[in-house]
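Asker: Got a structure for you, questions after.
The values are calculated or read from the model by the stated rules, or taken from the named source; none is laboratory data. From a predicted model like this one, the values you see are computed outputs, not experimental measurements. Counting neighbours? That spans all protein chains shown, and the Cβs are built from the backbone with ideal geometry, glycine included. The area values use the complete protein model at the heavy-atom level, side chains included, leaving out ligands, DNA and RNA. Shrake-Rupley method; radii C 1.70, N 1.55, O 1.52, S 1.80 Å.
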Amino acid sequence: MALGVGVIGCGAMGRIHLRNLLARPADIRVVGVCDPRPDQIAAIGLPAEVAVFPDSRELLGHPEIGLVVVASPASLHSSDVVSALEAGKLVYCEKPLVTSMEDHRRITALETHHGRAMVWVGFMRRFDPAFQALKADLDSGAIGPISHGILSHRNPSVPESFTDADYMLETFIHEFDALRWLLDVEIETITVGGKRRTNSGLMDPQFVTLTTNGGQRVMIDGHITNGYGYDIRCELVGERGSRSLVDYAEETGISAAPHATWATRFSGAYRTAIDACIDDVLAQRHTGVTSREAERALAVALSGIEAQRTGRTVSVGVG
Ligand SMILES: NC(=O)c1ccc[n+]([C@@H]2O[C@H](COP(=O)([O-])OP(=O)(O)OC[C@H]3O[C@@H](n4cnc5c(N)ncnc54)[C@H](O)[C@@H]3O)[C@@H](O)[C@H]2O)c1
């Protein structure tokens, strides 16, 4: 029988997941969706056989749903992921999985109770061809041990409500996960500086310095109101050379020039990441990003919030 899938949250990200799910072969069936905003559901153009549930509780209670895709705002992830796991369902959850360590522990306790990893986290950079080519080069030893890195995360705009904490939990968390994966290290300390805007109070741009247990130092500039485009850069420097995402533009077909939005830059990665999750579920394995992996990126983000607030270098807890 086809795997039944339900989608919670039909905004920008949820609609991308839905399109990718509906394009899958007949090995899955999108059973239903929920979103409190009818306009968001109308914007999808759902096939008639996909149900619209009044809320996530109804969706999570449906017996034919085995995998739940969570793409609601981050502050709502925890309760739906917990309810899904309590009902024995598997979860693909957008980043950040949750926003506090306490919520995180509830999830890992449930996975421990069930005796397996049940959550796939949408850190899709790991599925992006340019990031994958960079990782392959690093793993081959082509440029020797890495001493440092210089990364950028730039967005044309963010909602008015965006806060310094969101900067860590929604934006830089991608870099924290990608760096851990690319370098196979843990991030030990974080320092944050920046320029505070007078109108919104948001610190933007922000400059993050990380140190790792591999002895590396990594600098990230964030600028999320740049007005010019979505611009993701990553250069890692080794003893015998350096590699940047731009080096793989030709072979991967992913332009290193600024994109209009995150949705265009990572369109392939979103599809590959959710396809990989479904392949895993069907094969009863987990090769994706687990909740335990996501916990490390969350720990760095939470330390980053403290670093923003205090102006100090903060040690990232071991969790
Ligand atoms: N991986 C990435 O690159 C990436 C990119 C963008 C967003 N995201 C993540 O995806 C998630 C959603 O972000 P978005 O940009 O789609 O936001 P969005 O605001 O466009 O969409 C969120 C949707 O959730 C709906 N919603 C609100 N309350 C709900 C509830 N109780 N139950 C069900 N739905 C509810 C809203 O009505 C809205 O349609 C966030 O966690 C965000 O961090 C990830």
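Asker: Build a GNM of the chain with springs between Cα atoms under 10 Å: which of S79, S56, S161 gets the top mean-square fluctuation?
Answerer: So, out of S79, S56, S161, the one fluctuating most is S161.
Asker: Mind checking which aspartates and glutamates have their C-alpha under 13 Å from K195, skipping anything on the same chain fewer than 8 residues away?
Answerer: Within reach: D164, D204, D221.
Asker: Next up: Taking the simple approach of a point 7 Å from Cα along Cα-to-Cβ for both H286 and S161, what is their distance in nm?
Answerer: 3.1 nm
Asker: Residues with amide H under 5 Å of E188's amide H, sequence separation 5 or more or different chain, H placed in the peptide plane at 1.01 Å from N; which?
Answerer: Hits under the 5 Å cutoff: T211, T212, N213.
Asker: Let me ask something else about it. Radius of gyration and Dmax for the stretch 3-121's Cα atoms, expressed in Å?
Answerer: When restricted to Cα atoms, the stretch 3-121 yields Rg and Dmax of 13.5, 40 Å.
Asker: Among the DSSP beta bridges whose two residues both lie in the chain, what percent are antiparallel, rounded to the nearest 5?
Answerer: Beta bridges within the chain, antiparallel portion: roughly 55 percent.
Asker: Which of R240, R292, R309 moves the most in a Gaussian network model of the chain with Cα springs under 10 Å?
Answerer: The residue with the greatest mean-square fluctuation here is R240.
Asker: Another question, if that's okay. If you roll a 1.4 angstrom probe over the protein chains with everything in place, what fraction of the accessible area of the stretch 3-121 belongs to carbon and sulfur, to the nearest %?
Answerer: Accessible surface attributable to carbon and sulfur in the stretch 3-121 totals 53 percent.
Asker: Follow-up. For the stretch 51-58, just list the computed ³J(HN,Hα) in residue order, Karplus coefficients 6.51, -1.76 and 1.60, θ = phi - 60°, integers in Hz, with x standing in for Gly and Pro.
Answerer: 7, 10, 8, x, 7, 5, 4, 5
Asker: Now, a different point. Can you run phi through the Karplus equation (6.51, -1.76, 1.60; θ = phi - 60°) for the stretch 187-204 and list ³J(HN,Hα) in whole Hz, with x for Gly and Pro?
Answerer: Ordered by residue, 3J(HN,Hα) equals 7, 9, 9, 9, 10, 9, x, x, 10, 8, 7, 6, 6, 9, x, 5, 7, 7 Hz.
Asker: A further question follows. Just check the stretch 219-280 against the gyration tensor rule for me: Cα atoms, a ≥ b ≥ c as the square roots of the eigenvalues, rounded for a/c under 1.5, and otherwise prolate or oblate depending on whether a/b exceeds b/c.
Answerer: Numbers: a/c = 1.86, a/b = 1.19, b/c = 1.56.
In terms of gyration-tensor shape, oblate.
Asker: Subtracting the Cα-Cα distance from 0.36 nm times the residue separation, let me have the gained length for M219 to M1 in nm, one decimal.
Answerer: Between M219 and M1, full extension yields 73.6 nm more.
Asker: Okay, next question. At 0.36 nm per residue, and after removing the present C-alpha to C-alpha distance, how many nm does the segment from D275 to T112 gain when stretched out fully?
Answerer: In short, 56.2 nm is gained.
Asker: Whole-Hz Karplus ³J(HN,Hα) for the stretch 229-242, in order, using 6.51 cos²θ - 1.76 cosθ + 1.60 and θ = phi - 60°, x for Gly and Pro?
Answerer: So the Karplus estimates, Gly and Pro as x, are x, 9, 10, 10, 10, 7, 10, 10, 10, x, 6, 10, x, 9 Hz.
Asker: So who's got an amide H within less than 5 Å of the one on M203, skipping anything under 5 residues away but keeping other chains? H placed 1.01 Å off N, in plane.
Answerer: Under 5 Å from the amide H of M203: D164, R197.
Asker: What per residue convex hull volume, in Å³, do the alpha-carbon atoms of the chain yield?
Answerer: 137 Å³
Asker: Turning to a different aspect of this structure: Would you please give the FRET efficiency between T313 and A43, computed as 1/(1 + (r/R0)^6) with r the Cβ-Cβ distance and R0 = 51 Å, to the nearest 0.05?
Answerer: 0.70
Asker: Given the Cα-Cα distance of M101 and R19 and 0.36 nm per residue of separation, how much length would full extension add, in nm?
Answerer: Here the answer is 26.3 nm.
Asker: Could you tell me the center-to-center distance, by alpha carbons, between the stretch 1-20 and the stretch 230-291 in angstrom?
Answerer: Centre-to-centre (Cα) distance: 20 Å.
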